[in-house]
Amino acid sequence: MHYQAHKNSKMLDMLSTFDIGRDPLPDWMLWVHAIMVWFVVSASSWTIAVAQEHFTEKRYQWLKDIPFPRANTVLVRNIPPMYRSDSALQQYFSNVFNDDVIERAYVVRRTGRLSHQVAALREARLQVVHAKQHWEDAGSPEGNEPEKVNLIRCQKRVKLLTEEVASAQRRVKDAVARGDPLVCTSTGFVTFNTELASRLASREQYTRDVTNFQISMPPDPHDLIYENLADQEMNSAGWNWAGVASIWGVFTLWVPFVVLISSWTTFGALQENLPRLKALVQEHPWLDRMLTGVFATIALKVFLAFLPTALYLIIRNLMSVKSTTEVQILMQRWYGLFLVMFVLLVTSLSRGVTLTLVSIAQKPGRIFSLLADFLPSASHFYFNYIILGWTVPVLELIRNSNFWKFHAFRWFFSMSMQEAKEYGEPEDPASYGVGARMAYSLLIAAITFTFCSCSPLIFVFAFISLTLSQATYTYLVVYAETKKPDTGGVLWVNGINHLFLVITIYILLMTGVLQMLSQSRQWLGPPLVALASLAILYLGKMRVDTLAFDVLPLEEVVRTSRESQEKAKHQQGRYLQPECDPDIVAAAMS
């Protein structure tokens, strides 16, 4: 339909004839677009609802299969001071329930330098393994041979560090027994004998003060960040606000840099600085059309490549996150927001950040007319952006950072292949974590929905991009990379909520586009019909929200609790700070 409307235009290239354009269209074409908006919204809402129903089934099965001790443990925050010890906390819950219900209680400790001492001990034990391997490779020499001397030195260091760790562990244990407020924190874990008991315990209010004994489902024992759990609740809130302020500070500083770098790295600017390139383009005009689109997007992609690391450092070091899973959830939220803001709004921001923001502040409704005026004409920029993005999943298959770290340890530190592999893992959790990857998928979805009516060819490029991503990340996550923290589908739920927001932007954008392309510039007719599709989207959102996913229905908990004897035999981990584990000393002494 677009081609028929623009095929006689001499001002448009071949791709542009398939776009909606900027010239007024006949009313019948606008009505077709309004109907297509309804189709897109209805089909998307129905598909999302069906997918969410399948997800809840998988989520329930995941909740049933949660291993002990996570399945029968609760995380307790804001423990009153008189109960901040293992014995006092266990006694309190035994009094509330009974002794047969409680298995154990554990209060998070402030361990000071103990965690650093344990890390040094583990590093020293690894050095002993390497030294012993080198000594055996040299033929097990005796006397004052360098390999033997190095092995003895490493063994003595392990013995010294083992004694220091054992002494520090005893001091922490004695302090917890006394309930020392300098060591015992307001956070702890209570493990019950059954899943049903832990479920019932998580639903109660224990004191008149509702802030005391705040109960929630704990993260996986291997995924916890204990140093953040040791913070007081008030301190945690303050650090969270500091993290949010830092993120918005990054956003404020990043915008002018993105606009400045994008203006400096245009193909026209490069031709002015490189006369030979300009002469080459004059000889081959087709290079100008191809490279203009590439350089317009490559600078943005390269500059945004540093954004995940900046956000990850802020979230991990400033915000009071309880687990690495929570870090990835926040990465998905903030990085997804940044990508949509920077990439989708880059055409509007390039007009001038200050002018755009002032215009929107004066009339907030103007943002959609601004997008409707600029985004349709920028479709080729996003074509190039998605096409250039095809290389990202392909390059990730190589695992560049791990590859070069492996060879660096082999060449410069003379490590064996197994040693170099241990030091070369894991991959960067900022750029290659599930949060950043879900955020990038949101961006592709946002671009696809935004241009699906204005430039239908976007479907071809987005389909290839998402297909490559699915195949690549399925292989990497399952077979190649270190095991990612399991969120139990929280990233999926957040992605669905973001998708509803993206579809809302699509509806409002198309309403503005149809009003702009109307020959009478009236809101009645196609623009109003397109806007009315918000009702269908709202019904779809309500349907998704009615599907409970966060906890198992009580009847399922009762049934699972009766069948939990087999799960109890296969416990995975325990809620104990790694530096307080007495097995560390036992293993070092063996």
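Laboratory data are not the source of any read-out in this text; all were calculated from the coordinates shown. Note that the structure is a prediction, hence the values are computed from the model and not measured. Using ideal geometry, Cβ is built from the backbone for each residue, glycine included, and neighbour counts are taken over all protein chains shown.
Here are the numbers:
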read-out	value
Kirkwood Rh in Å, taken over the range 136-206 so that all alpha-carbon pairs contribute	17.3
Computed E for GLU555/ALA138 - FRET, C-beta separation, R0 60 angstrom, nearest 0.05	0.35
Computed lengthening from TRP31 to LEU395, 0.36 nm per intervening residue step minus Cα-Cα distance	126.7 nm
Cross-link reach list, aspartates and glutamates versus LYS7, counting only Cα pairs under 16 Å and skipping chain neighbours closer than eight places	ASP19, ASP23
Relative contact order [Cα under 8 Å, 6+ residues apart], the range 388-533, whole percent	24
Förster-model FRET efficiency, 22 Å R0, VAL244 and THR504, C-beta, rounded to 0.05	0.40
Reference-scaled alpha-carbon Rg (2.2 N^0.38 Å with N residues) for the range 448-517	1.50
Segment SER414-LEU528, length gained on full extension (0.36 nm per residue, minus Cα span)	34.0 nm
Greater than 28 Å apart at Cα, pairs in LYS132/LYS322; LYS148/LYS484; LYS148/LYS483; LYS64/LYS541; LYS301/LYS405; LYS156/LYS484	LYS132/LYS322; LYS148/LYS484; LYS148/LYS483; LYS156/LYS484
R0 of 51 Å, Cβ-Cβ distance GLN282-VAL50: FRET efficiency to nearest 0.05	0.40
